[in-house]
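First up is the structure itself, then whatever we jot down about it.
The values are calculated or read from the model by the stated rules, or taken from the named source; none is laboratory data. All values derive from a computational prediction rather than experimental measurement. Cβ placement follows ideal geometry from the backbone for every residue including glycine, while neighbour counts extend to all protein chains displayed. Only protein heavy atoms, including side chains, enter the accessible area calculation; ligands, DNA and RNA are left aside. Shrake-Rupley method; radii C 1.70, N 1.55, O 1.52, S 1.80 Å.
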Amino acid sequence: MSAPATVAEKPTGTPTTTIAERPGWDLPGWSMLGIGLALLLGGIVAFTVGLVFSVVGLIVTGVVLFVLSLPALMGLTLVQPNQARVLQLLGSSYSGTLRTPGLRWTNPLTYRRAISTRIRNHETGQSKVNDADGNPIEISAIVVWQVADTALASFQVDDYEEFVAVQTESAVRHIAGSYPYDAEGRMSLRENADEITAAMSEEVHARVRSAGVEVIETRINRLAYSPEIAQAMLRRQQAGAVIAARQQIVEGAVGMVEMALGKLEEKHVVELDEERKATMVSNLLVVLCSDRDTQPVVNTGSLYQ
């Protein structure tokens, strides 16, 4: 028995057709506008004179000139700066793209769809997702993009703007669920913003390039814990900050006590046995590590009484 045939999976984000943008055929529009107006005016004059003097030849000439002026004028199209015109012959096949700004003339039988190639901003809605540790967070991002291939944008998807919006939100949700909000010793959304936004840009670009869209920049606009756990997480962060501060204070205090004992022994200021050293260390640590002002107690007797 022969093995069942397998179907090769198509890579995510790659175009399913071979269509690509190519320059469309066009001519300078102002010269064609002059020719069209000349033919139109000539046809009107010839037709009017032919009717007045009953000259059939002038009437026919006027009609012919008028008909010839129609394609000359109908082929005119205005291309604005940072705009492209996608040409479709008889509304079906792709005929090219006009990118040269100004008044242009092309085949009058083509449908000319205007597509903006300007740089645009898209802000995703505030999404509520779980991070890699399962904590609910709220995140939103801003994507800066523009159309790079007008053919793909026109024929690969139904609505490239809606496609960018949906794919961007999907990428933001995926990235937010792949990393913890805050963590020590590993990459997190809060501490590694530059690396996270770079990964987000790559994923968004991979998702929208099939629509002829180029991602220029992606950045996180809002990042926070969800309201139901925000207070608990804030207390945890505060506790962590207090512990870190205490740890640093203790390390500094131990160093100062060690330095003080070393100086006393080095300069032979006073001879201390082990019990007096322990008492001195205890007093110094209380003074240095306390978060309140300490009240000194003067001992007028002997340490051993």
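The table below gives the values:
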| item | result |
| --- | --- |
| Filtered trypsin sites (Lys or Arg not before Pro), the stretch 112-169: DSSP coil and at most 14 other beta carbons within 10 Å | ARG118 |
| Using a Förster distance of 25 Å, the FRET efficiency for GLU138-ARG186 (Cβ separation, nearest 0.05) | 0.70 |
| Residue-by-residue Karplus 3J(HN,Hα) for the stretch 171-180, coefficients 6.51, -1.76, 1.60, Hz, glycine and proline x | 5, 5, 5, 5, 5, 4, x, 9, 10, x |
| Dimensionless Rg ratio for the stretch 157-208, taking C-alpha atoms and the 2.2 N^0.38 Å reference | 1.29 |
| Point-to-point label distance, TYR111-VAL63, nm (Cα→Cβ direction, 7 Å offset) | 3.2 nm |
| Whichever aspartates and glutamates have a C-alpha closer than 13 Å to that of LYS277, once near sequence neighbours (fewer than 8 apart) are set aside | GLU258, GLU265 |
| Label zone at PHE155 (point 7 Å along Cα-to-Cβ), backbone N below 11 Å, the stretch 88-108 | 88-89, 92-97 |
| Apportionment of accessible area to carbon and sulfur, the stretch 99-198, percent (1.4 Å) | 43 percent |
